[in-house]
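*Asks:* Let me begin by handing over the structure; questions about it come next.
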Amino acid sequence: MVDRRRKFWARSACLLGASAAAGAGLALAMHHPLAPFAVSACFVLWGALVAWRPGVWLFVLPAALPLLNFAPWTGWITVEEFDLLCLGVISGGYARMGLSIMAAPDEPGEAPARGRVFTTAAVVFAVASAAACVRGMSLANEAVFSLFQGYADPLNAWRVFKSVAFAASLWPLLRREVQSDPDTSVRHLGWGMVAGLGVVSLAVLWERVAYPGLWDFSTRYRTTALFWEMHVGGAAIDAYLTLATPFVVWALWITRTPLRWAVLAALTLLTGYACLTTFSRGVYGAVLGSLLLLIVLLRWRSPPLLRIRWRTVAGLALTLALALEVAAVLGLGSYMRERIGSSDQDLDSRRQHWHHGLGLMHGPADWLLGIGAGRLPASYAREVPRREFPGDIQFIGPGGPQDAAFVRVLGPRTRSDIDGLFALTQRVALGAVGPHRVAFDVRAAVNTDVYLSLCELHLLYPRRCQSAWIRVSPTASEWRRAVAVLRGPSLDRGSAWAPRQGVFSVSIFDAGRQVDIRNPSLVGLSRMELLANRDFAQGMARWFPSAQGYYVPWHIDSLWLEVLIERGLFAVVAFAVCMAWAVWCLVSAIMRRDQVAPLMAPFLAASLCGGLCIGLISSVMDVPRVALLLMLLAIFSVEISAAPRHRFAERAFAD
């Protein structure tokens, strides 16, 4: 009777969670700026697929992680399409769990000791993060919530916290899959990571071909792939590549068919190219360190060796190709040599940056509980002298029948050396060969210089631009029509298989100035309008703020410090315990030399250690997709280490 009552409440909780996730997902999908009905239909179908085939999400989620963010087109910053993917998993997974829980056999109610330690630390971290989220929202200046809010607004607290909420919600579903079939769970997650790494590698290949050139290693250009969170700098691609690279080695290790091995070898070369073209010393060190650790763990584990001659020859050839790739990037270009030469200066700047970040905590409450999730950028820009934002974008809704919506573009508060480095942008098609004409309604309180440009641009580094300056005279509350012709070289859309994107931008080149803009227009020789949502009737849909060359206020450049500053001492200690315990569970399984233990254990350990190492000099938690991946890998490591040994398949290698 007691078991039946417990199952009833568990079933009710599962169905309630599924309903809440489905409702939140549908509400978010229906507000999608580009295709609300299509996105809503996809969300419903995805939730139904997870309910029908629950194990599929372990492959799809890591595979789609690098792709499902279309921020430059939607204008969303605090939410993204990847949130819909997670909500679909939660709704479908919990619906299936709730409907089947009454028929499930009774399971032991007490977790193993190793699981209790990790669970306790994870609960402390989640509670501290939730408290920081509430505090971050309450401390924000604005009380109005919008899906288009930025980094100084209340919903930035949710943006930073949501990875914890999703990880906590996905944990029971992940545990259920591991307990049901750990071998299949390992394969789904592993191949999902490999597929996601393939998406990133191909995106990097396209980006390099379309913009700086495949073999240009001297231009100051660092690849960003599809991590649009880097529109204000950061290390999203750095952290992702460090976490994902060991999985392509895992795929090579378990594969014994020549064709599949050759495809994976090509992906390995592309992954190496992606890592190298980040020109990040942290990526180089963390990836190399994780691979060296992997070699040690594999030798320690002593797995069965494949006695296939072609693998030995192919492995040597792949190693030689990777060595040549490294030599080409470091030897044929000067950019990385310049970065290595400035390492001491960069380290001193980073230490000063960390010191300023710690100065944001003003008392015991801040040290124990943090200043609030998502509050670091705004607090840093406000409190640290000479470290302000280079600009800001504010959407002003319609105030009456005669007052349409408009956007306010602001320059930096005081620093004239960083003006023009923050812009309102929109993606446009590159078509017309000749100059483009820009027109818009504008008003300003004082003389203000407005800079307009249309560039061949992926995210941070323009290739070629057409531009114009407009001096806006004081107009008080009166709107005036401004017109300018963009001058500069002809813009090229590139080849069909590596097309370039056009980005129109508006920025302010005066410190302490601002202008109001409405009804912008951009036309080429064809007289076809290139801008969408010109009247801002859809809010900031299609419009995307972006910085260039100056990213100091947005990131503290340390995973550990960002957790400490925003979430407090309890959170950072709990997070450290979780990560250390996850790695120890894997290492202890390897040390036991149990041949039916998960073969992925060394690769998971290398991935986590690499991610934590890159976190020493890079922010991670402010990139929700990557932060969720880090936490899920830690949870998966603990769960797979606790899975019964007899549940793993006897064979160690793929067909």
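*Asks:* Below 8 Å, C-alpha to C-alpha, sequence gap of six or more: please give me the relative contact order for the chain in percent.
*Replies:* Rounded, it is 20 percent for the chain.
*Asks:* Subtract the Cα-Cα distance of Arg592 and Ala537 from 0.36 nm times their separation in residues, and report this length gain in nm to one decimal.
*Replies:* Extending this stretch completely gives an extra 13.5 nm.
*Asks:* Separate question: Find how much the distance from Glu338 to Thr184 grows on full extension, using 0.36 nm per residue of separation minus their present alpha carbon separation; answer in nm with one decimal.
*Replies:* On the way: separation 154, 0.36 × 154 = 55.44 nm, distance 4.61 nm.
Separation in residues times 0.36 nm, less the Cα-Cα distance, equals 50.8 nm.
*Asks:* Now a separate question. Roughly how many Å² of His231 are accessible to a 1.4 Å probe, to the nearest 10?
*Replies:* Taking all protein chains as shown, His231 has close to 0 Å².
*Asks:* Could you point to the residue in Ala51, Ser490, Leu226 farthest towards the positive end of the chain's charge dipole, with +1 and -1 charges on the Cβ of Lys/Arg and Asp/Glu respectively?
*Replies:* Of Ala51, Ser490, Leu226, it is Ala51.
*Asks:* Largest first, how would Lys7, Lys162 line up by accessible area (1.4 Å probe)?
*Replies:* Lys7, Lys162
*Asks:* Another one. Based on the Cβ-Cβ distance of His362 and Arg309, what FRET efficiency does E = 1/(1 + (r/R0)^6) give at R0 = 51 Å, to the nearest 0.05?
*Replies:* 0.15
*Asks:* Another question about this same structure. Could you state the angle between the C-alpha long axis of helix 281-301 and the longest principal axis of the C-alpha atoms of the chain, as a value from 0 to 90 degrees rounded to the nearest 10?
*Replies:* 10
*Asks:* Let me ask another. If exposed GluC sites (Glu not before Pro) are those in a DSSP loop with at most 11 other Cβ within 10 Å, what is the longest stretch of the chain that has none?
*Replies:* Answer from the scan: 111-477.
*Asks:* Using θ = phi - 60° and the Karplus relation 6.51 cos²θ - 1.76 cosθ + 1.60, list the HN-Hα couplings for the range 491-499 in order, rounded to whole Hz, with x at every Gly or Pro.
*Replies:* Whole-Hz 3J(HN,Hα) from phi for the range 491-499: 9, 10, 6, x, 7, 5, 9, 9, x.
*Asks:* Considering the Cα positions of the chain, please state its Rg to one decimal place and its Dmax as a whole number of Å.
*Replies:* Taking only Cα atoms of the chain, I get Rg and Dmax of 25.7, 80 Å.
*Asks:* Right, something else. Measuring from label point to label point, each 7 Å out along Cα→Cβ, what is the Ala38 to Arg386 span in nm?
*Replies:* Result for the modelled spin labels: 5.0 nm.
*Asks:* Can you work out the FRET efficiency for the pair Ser218 and Arg464, with r the C-beta to C-beta distance and R0 = 22 Å, to the nearest 0.05?
*Replies:* Efficiency for this residue pair is about 0.80.
*Asks:* So what's the angle, to the nearest 10 degrees on a 0 to 90 scale, between helix 569-591 and the longest Cα principal axis of the chain?
*Replies:* Here the helix axis deviates by roughly 40 degrees.
*Asks:* Follow-up question, since we're still on this one. For Asn447 and Val485, FRET efficiency with R0 = 25 Å and r from the beta-carbon atoms, rounded to 0.05?
*Replies:* 0.75
*Asks:* Another question about this same structure. Trypsin sites (Lys or Arg not before Pro), restricted to the range 420-484: which are DSSP loop and have at most 15 other Cβ atoms within 10 Å?
*Replies:* Arg464
*Asks:* So, with a 1.4 angstrom probe, what is the percent of accessible area on the chain that is carbon and sulfur? Display every interim value, and only then the final one.
*Replies:* Numbers: 17440 of 27200 Å².
The value for the chain is 64 percent carbon and sulfur by accessible area.
*Asks:* Using the Kirkwood radius built from alpha carbon pairs, what does the Stokes-Einstein equation give as D for the range 513-611 at 4 °C and 1.567 mPa s, in µm² per second?
*Replies:* For these conditions, the coefficient is 67 µm²/s.
*Asks:* Would you mind computing, in nm to one decimal, how far apart the modelled labels at Thr319 and Arg256 are, each placed 7 Å from Cα along Cα→Cβ?
*Replies:* My value for the distance between the label points is 2.2 nm.
*Asks:* Among the trypsin sites (Lys or Arg not before Pro) within the range 386-424, which fall in a DSSP loop and have no more than 13 other Cβ atoms within 10 Å of their own Cβ? Before the final figure, lay out each step's value.
*Replies:* Working: sites: Arg386, Arg387, Arg408, Arg413, Arg415; in loops: Arg386, Arg387, Arg413, Arg415.
When the trypsin sites (Lys or Arg not before Pro) of the range 386-424 are filtered for loop state and at most 13 Cβ neighbours within 10 Å, Arg386 remain.
*Asks:* Mind listing P(r) for the range 340-484? All alpha-carbon pairs, 5 Å bins, whole percents.
*Replies:* Spelled out per bin, shortest first, that is 2, 7, 11, 14, 15, 14, 13, 10, 8, 5, 2, 0, 0.
*Asks:* Moving on to the next point. I'd like to check one number: the per residue accessible area of the range 127-179, probe 1.4 Å, reported in Å² as a whole number. List each step's numbers first, then the result.
*Replies:* Working: 2170 Å² over 53 residues.
Normalised by residue count, the accessible surface of the range 127-179 is 41 Å².
*Asks:* Let me check something: with ligands and nucleic acids excluded, how do Val124, Val329 order by accessible area (1.4 Å probe), largest to smallest?
*Replies:* Descending order: Val124, Val329.
*Asks:* To the nearest 20 Debye, how big is the dipole of the chain about its Cα centre, given +1 on the beta carbon of each Lys and Arg and -1 on that of each Asp and Glu?
*Replies:* Dipole of the chain, to the nearest 20 debye: 1120 debye.
The values are calculated or read from the model by the stated rules, or taken from the named source; none is laboratory data. What you see is a predicted model; the values in this text were computed from it and never measured. A quick note on method: Cβ atoms are made from the backbone with ideal geometry, for glycine too, and the neighbour counts reach across all protein chains shown. The area values use the complete protein model at the heavy-atom level, side chains included, leaving out ligands, DNA and RNA. Shrake-Rupley method; radii C 1.70, N 1.55, O 1.52, S 1.80 Å.
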